[in-house]
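> There's a structure below that I have some questions on.
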Amino acid sequence: MSTALKYGDNVNTDVILPGQYLNISDSATLALHAMEGIDPSFRTRARPGDVLVAGKNFGCGSSREHAPMALKASRVGVVLAASFARIFYRNAINIGLPLLECEEAVRATADGDTLEVDLARGEIVNRSRGMVFAAAPLPPFIREMIAAGGLIQHIRKTLA
């Protein structure tokens, strides 16, 4: 089970990882600054496997890959949003960060709720509220990419 860390609509890449950290390539250092522009307490609140819950258009703004990299490095288990900016969605999948879209689950979830997420079935269970939601499950090839650690690792594994 995971804890929901909830944010609103239009969370952009500049607050997911502020621009001053774009010269950092070390994932552990990126993790220290994830969500810093909107929630400086994120790095102390987030635990491995937690679910980042957000409203519409999560990851809008510039197309920097550093934003999903910082979230993955902080060991967020999945990002659940009402919707994603398309470039953020693709960047996240490419680096192996799982995502699900389910507006109903987002609306019904409060910060601190206990969630269980099944990517293969697209099921979100809110244990705190006794509610179950259905999102479109990630296709098997996307789950394989995520399990491999992202697109590059998946290609390496496939070619090996």
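The values are calculated or read from the model by the stated rules, or taken from the named source; none is laboratory data. Just so you know, these numbers come straight off a predicted model, no measurement behind them. Note: ideal-geometry Cβ built from the backbone for every residue, glycine included; neighbour counts use all protein chains shown. Accessible surface is based on the protein model in full, side chains and every heavy atom, while ligands, DNA and RNA are left aside. Shrake-Rupley method; radii C 1.70, N 1.55, O 1.52, S 1.80 Å.
> For residues that are out of contact with any Cys (no Cβ under 9 Å at 6 or more places or on another chain), open to solvent by 10 Å² or more (accessible area, probe 1.4 Å) and under 29 Å from ARG156 (Cβ atoms), tally how many sit in region 65-86.
Of the residues in that region, 10 qualify.
> Hey, which of the strands (runs of 3 or more DSSP E) in region 44-160, taking only ones fully inside, have at least 2 residues that are of a type in the set (A, V, I, L, M, F, W, C), modelled with pLDDT of 95 or more and in contact with a Leu (Cβ under 7 Å, 6 or more places away or on another chain)?
Values: elements: 51-54, 78-81, 99-101, 114-118, 123-126, 131-134.
Those strands (runs of 3 or more DSSP E) span 51-54, 78-81, 123-126.
> Among (1) under 18 Å from LEU5 (Cβ atoms); (2) touching a His at 6+ places or on another chain (Cβ under 8 Å), where does ILE124 come up short?
Unmet for ILE124, out of (1) under 18 Å from LEU5 (Cβ atoms); (2) touching a His at 6+ places or on another chain (Cβ under 8 Å): (2).
> Right, something else. (1) in contact with a Phe, Trp or Tyr (Cβ under 8 Å, 6 or more places away or on another chain); (2) hydrophobic (A, V, I, L, M, F, W, C); (3) over 12 Å from LYS72 (Cα atoms): which one isn't true of LEU30, the others all being true?
(3) is the only condition that LEU30 fails.
> Take the residues in region 127-143 that are without any contact (Cβ under 8 Å) to a residue 40 or more places away in the chain and open to solvent by less than 60 Å² (accessible area, probe 1.4 Å); name whichever of them is nearest to VAL106 (Cα to Cα).
Out of the qualifying residues, it is PHE133.
> Considering only region 2-59, state which residues are surrounded by fewer than 19 Cβ atoms within 10 Å (Cβ to Cβ), within 22 Å of VAL125 (Cα to Cα) and without any contact (Cβ under 8 Å) to a residue 60 or more places away in the chain.
GLY8, ARG45, ARG47, PRO48, GLY49, GLY55, LYS56
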